[in-house]
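Trainee: Take a look at the following structure, please.
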Amino acid sequence: TPDPPPRPDHQWTIWLSSVRSALANLSAAAGVETEAGRHALRLAVVAAVGEIIAQASGLPHGYWIVLTAMIVLRPDYASTIFRGVQRAGGTVVGAGLGLATALLLHVGPAVLVAAVGVTMTVSYAVFAVNYLLFAVFLTDFVVTLLALLGQTAEQTVVARLIGTGIGAALALAGYLAWPSWEGESAQQKLARLFETQADFGSMLVRAYVRPAPADRAAIAAAARTARRARTDAEASADRLADEPPHPPLTARLAYGLTGIGRRLAHVSLTLDAALESTHPGREQAPAVQPDHAVKAVDQFADALETAARAVAGSLRSLRPPAGMPPLRELQSALYQEFTDDQDAATGGAPPLGTAGLDTVLVSATDEYTDAFDTAADVLRQRLGS
């Protein structure tokens, strides 16, 4: 039988959850103390200045100034220079190629239409491969298209060169006026990603077995810190993708590690939601757990923090991780503690897909274990040589 359509209240819950997640991301990135916040403010100011220049000068296609500034200006100096050189060089070469292509107009409009199609296809085909080539063929496409629409190629080339030059200069000036000299590399930000995720996760795991109500303010603060660290790490991974490779910390490795960080974040948010939904009033404490269960949870939480320190130390030193705790053994012991209680009560261990906070805790610790072990294995493979 087909699945029943989702209830309106369920759809509303999903939409509300998406809005809350978006607002949480915005809150984590807001402020000049974050890389995303600094870059957003700097980019807004540069774009506004570029628009003022475009309007005051009356240049044709003045929006190319703002567009170039927004493309060239990056969160760090190296990427800004690298992208600026590529944009400027590609525009100059593309402008010359566009002039040559526009001469085909004397052959006939059909040939020019074919040239527009070819340059557009090639420009987007090389976009993810090399931005310099993309800028070359994109400029060629723009000059050819406007020539087809009746504007002379010479006018388009001059406007394109002026707009690109002003926009690139504004981007560089904006960065030099407010540089992001943080003294932190991608290594530091990736390391902090795992440390903050482990702190958040261990706090949630410990809160489950504590007799007192969970400190929601402390949990929310840990969640914001972890989310902010994840945002900064993902921005660093994007930055590495725009720069020449610097092994062993390549963009591919950084993207893999930030993917593990997102996995840890999803696990923590699931466990946090389970804790809060079980006691929505926040004044009721979790059920009192046996001492041996509390001990098993605490041991796993301690190991989680130790694993994070090992992974973070590996990233900072660019050496294979050392001192990883036996997370899988500790998680298996925790699993036995909670499933044994279920065995005594029901005569059989519950399937992991069933509802219940015990099940959520066991599943979350399994995900934590797998994520940190995966991160350690990846680092051993990439940094072992």
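The values are calculated or read from the model by the stated rules, or taken from the named source; none is laboratory data. Bear in mind the structure is a predicted one, so any value in this text is a computation, not a measurement. FYI the Cβ positions are ideal-geometry reconstructions off the backbone, even for glycines, and counts take in every protein chain you see. Please note that ligands, DNA and RNA were not included when accessible areas were found on the heavy atoms of the full protein model with its side chains. Shrake-Rupley method; radii C 1.70, N 1.55, O 1.52, S 1.80 Å.
Trainee: Subtract the Cα-Cα distance of Leu148 and Arg380 from 0.36 nm times their separation in residues, and report this length gain in nm to one decimal. Show your work: numbers first, answer last.
Mentor: Details: separation 232, 0.36 × 232 = 83.52 nm, distance 5.63 nm.
Length difference between fully extended and current span is 77.9 nm.
Trainee: Another question, if that's okay. Can you list the HN-Hα couplings for the range 96-101, worked out from phi with the Karplus curve (6.51, -1.76, 1.60; θ = phi - 60°), rounded to whole Hz and with x for Gly and Pro?
Mentor: x, 5, x, 4, 5, 5
Trainee: Using θ = phi - 60° and the Karplus relation 6.51 cos²θ - 1.76 cosθ + 1.60, list the HN-Hα couplings for the range 193-206 in order, rounded to whole Hz, with x at every Gly or Pro.
Mentor: Working through the residues one at a time gives 4, 6, 5, 6, 5, 5, 4, 5, x, 5, 5, 5, 4, 5 Hz.
Trainee: Would you please give the FRET efficiency between Ala48 and Ala220, computed as 1/(1 + (r/R0)^6) with r the Cβ-Cβ distance and R0 = 30 Å, to the nearest 0.05? Walk me through the numbers on the way to the answer.
Mentor: Values: r = 34 Å, r/R0 = 1.14.
Calculated transfer efficiency: 0.30.
Trainee: FRET efficiency for Val113 and Val85, Cβ-Cβ distance as r, R0 = 41 Å, nearest 0.05? Kindly include the intermediate steps, with their values, before the conclusion.
Mentor: On the way: r = 32 Å, r/R0 = 0.79.
Efficiency at R0 = 41 Å is approximately 0.80.
Trainee: Where does each of His61, His246 land when they are ordered by accessible area, with a 1.4 Å probe and the largest first?
Mentor: On the way: His61 45, His246 100 Å².
Most to least solvent-accessible, the answer reads His246, His61.
Trainee: Which value in nm describes the separation of the simple spin-label points at Lys295 and Ser185, placed 7 Å from the Cα toward the beta carbon?
Mentor: Reported label-point gap for Lys295 and Ser185 is 4.4 nm.
Trainee: Using modelled backbone amide H atoms (1.01 Å from N, in-plane), which distant-in-sequence or interchain residues come within less than 5 Å of Leu249's amide H?
Mentor: The list, which skips near neighbours in sequence, is empty: none.
Trainee: With each pseudo-label sitting 7 Å past Cα toward Cβ, what's the Arg319-Ala125 distance in nm, one decimal?
Mentor: Placing both labels 7 Å along Cα→Cβ, they lie 4.8 nm apart.
Trainee: Is the C-alpha gyration tensor of the range 129-209 telling us rounded, prolate or oblate? Criteria: a/c under 1.5 is rounded; beyond that, a/b larger than b/c is prolate, otherwise oblate.
Mentor: Working: a/c = 4.54, a/b = 2.71, b/c = 1.67.
Cα axes put the range 129-209 in the prolate bin.
Trainee: So, one more: Between the alpha-carbon centers of the range 254-277 and the range 189-220, tell me the distance in whole angstrom.
Mentor: The distance from the Cα centre of the range 254-277 to that of the range 189-220 comes to 12 Å.
Trainee: Under 5 Å between amide H atoms, partner at least 5 residues away or on a different chain: which partners does Arg74 have, H built in plane at 1.01 Å?
Mentor: Close amide H contacts, sequence-distant or interchain: Thr80.
Trainee: Pull out a ≥ b ≥ c, the square roots of the eigenvalues of the alpha-carbon gyration tensor of the range 108-243, then state rounded if a/c is under 1.5, prolate if not and a/b is larger than b/c, and oblate in the remaining case. Each step should come with its number before you reach the end.
Mentor: Details: a/c = 4.00, a/b = 2.77, b/c = 1.45.
Cα axes put the range 108-243 in the prolate bin.
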